[in-house]
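Q: One structure follows; several queries about it will come next.
The values are calculated or read from the model by the stated rules, or taken from the named source; none is laboratory data. Just so you know, these numbers come straight off a predicted model, no measurement behind them. Cβ: placed from backbone, ideal geometry, glycine included. Neighbour counts: every protein chain shown.
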Amino acid sequence: MKRLCTICARGHSKGVLNKNIRVIGDKPLLAYSIIQAKASGMFDCIAVSSDSSEILDTGLRWGADISINRPPALSSDNAPKIPAIRHCLEIAEQTTNIKFDVIADLDVTSPLREAQDIQGAIRLLIDHQAPNVITGTPSRRSPYFNMVEVHENGEVQVCKPLDRPFVRRQDTPLCFDLNASVYVWRRDCLLDSDSLFHPQTLLYTMPMERSIDIDSEFDLELVSLLLAKTGEKHG
């Protein structure tokens with residue numbers, strides 16, 4: 001079974017300028033995902049996809065096997081990610097002459113994951129013969145209890161009201177926040193659909209301390225502090 005790691009990183013991030021190659025600790029953000037992918041021992045090839053030559057050069061310098069130029073149509077602010085991952089798979093197969101059975105995408109903005117998270121998500125897919133696996137962490141807010149909607153008339157209501165109200169969040173149905181850290185697909189599932197959710201999609205649970213997704217300067221500062229404390233686990 002051949003496995004491909006894709007790392008897709010656009011060059012023109014908006015929330016945090018040049019975040020994919022911003023130096024955190026002693027290395028660019030992109031390097032953490034490459035190092036974790038290599039440490040997992042799960043991949044036959046690690047491919048970095050980008051519209052930025054600087055990002056592609058950084059990826060190769062930190063150990064990626066191949067770099068893939070992402071076309072402009074897949075690099076805009078409004079472009080969905082799954083087609084970019086599919087493009088990365090197609091070019092990687094042409095470049096390596098390998099047909100990959102399993103594809104795992106690592107989000108550059110999730111540097112707190114560990115190699116064991118990558119291993120666990122892939123093993124969950126294989127052991128349960130799932131079409132794909134997503135990762136998440138137990139939600140701190142519940143749509144049944146303390147997550148609300150404000151309607152046009154100003155009325156505030158719990159997002160998912162139930163016939164029997166709950167008095168403790170801990171008693172509500174368990175919900176998860178998707179953390180965008182690891183996505184795993186079987187090849188046919190990735191090529192056949194743009195949807196992330198399928199009848200047999202599974203969730204691999206990660207702890208909150210490894211689930212922060214960098215989307216703002218505040219997130220960047222928080223992750224920098226955590227990496228300074230636990231940097232040896234993340235490369």
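Q: Can you tell me how many residues within segment 1-59 are touching a residue at least 24 places away in the same chain (Cβ under 8 Å), assigned to a helix (DSSP H, G or I) and either more than 21 Å from D213 (Cβ to Cβ) or among the polar types (S, T, N, Q) (or both)?
A: The number of residues fulfilling the criteria is 7.
Q: Additional query: Restricting segment 1-32 to residues that are of a type outside the set (A, V, I, L, M, F, W, C) and in contact with a Pro (Cβ under 7 Å, 6 or more places away or on another chain), which is surrounded by the most Cβ atoms within 10 Å (Cβ to Cβ)?
A: To start, the set of residues in segment 1-32 that are of a type outside the set (A, V, I, L, M, F, W, C) comprises 2-3, 6, 10-15, 18-20, 22, 25-28, 32.
Now restrict to residues that are in contact with a Pro (Cβ under 7 Å, 6 or more places away or on another chain): 22, 32.
Values: R22: 15, Y32: 25.
Restricting to residues being of a type outside the set (A, V, I, L, M, F, W, C) and in contact with a Pro (Cβ under 7 Å, 6 or more places away or on another chain), the top hit is Y32.
Q: Evaluate segment 116-136: report whether one residue or more is of a type outside the set (F, W, Y), within 25 Å of S49 (Cβ to Cβ), crowded, with 24+ Cβ neighbours inside 10 Å and in contact with an Asp or Glu (Cβ under 8 Å, 6 or more places away or on another chain).
A: There is at least one residue in segment 116-136 that is of a type outside the set (F, W, Y), within 25 Å of S49 (Cβ to Cβ), crowded, with 24+ Cβ neighbours inside 10 Å and in contact with an Asp or Glu (Cβ under 8 Å, 6 or more places away or on another chain).
Q: Does P83 satisfy being in contact (Cβ under 8 Å) with a residue 12 or more places away in the chain and closer than 17 Å to S13 by Cβ?
A: Values: in contact (Cβ under 8 Å) with a residue 12 or more places away in the chain: yes; closer than 17 Å to S13 by Cβ: no.
When the stated conditions are applied, P83 does not pass them.
Q: Would you be able to say whether some residue in segment 173-183 is among the aromatic types (F, W, Y) and under 17 Å from Y204 (Cα atoms)?
A: Within segment 173-183, the subset among the aromatic types (F, W, Y) is 176, 183.
From what is left, the residues that are under 17 Å from Y204 (Cα atoms) are 176, 183.
Yes.
Q: Here's another thing I want to ask about it. Of the residues P72, P83, only one is surrounded by fewer than 16 Cβ atoms within 10 Å (Cβ to Cβ) and under 17 Å from the mean Cα position of the chain (by Cα); which?
A: Working: P72 fails: under 17 Å from the mean Cα position of the chain (by Cα).
From the options P72, P83, the qualifying one is P83.
Q: Is it the case, given these coordinates, that R169 is basic (K, R) and touching a strand residue (DSSP E or B) at 6+ places or on another chain (Cβ under 7 Å)?
A: Working: basic (K, R): yes; touching a strand residue (DSSP E or B) at 6+ places or on another chain (Cβ under 7 Å): no.
So R169 fails the test.
Q: Still on this model: Which of the residues that make up segment 173-213 are β-branched (V, I, T) and either under 28 Å from E90 (Cα atoms) or not assigned by TED's automatic domain parsing to the domain that holds G120 (or both)? Break it down into steps so the answer makes sense when it comes.
A: Looking only at segment 173-213, we keep the residues that are β-branched (V, I, T), and these are 182, 184, 201, 205, 212.
Of everything in segment 173-213, those that are β-branched (V, I, T) and either under 28 Å from E90 (Cα atoms) or not assigned by TED's automatic domain parsing to the domain that holds G120 (or both) turn out to be V182, V184, T201.
Q: Out of H87, H12, I need the residue that is of a type outside the set (A, V, I, L, M) and at pLDDT below 95. Which one?
A: Values: H87 fails: at pLDDT below 95.
After applying the criteria, what remains is H12.
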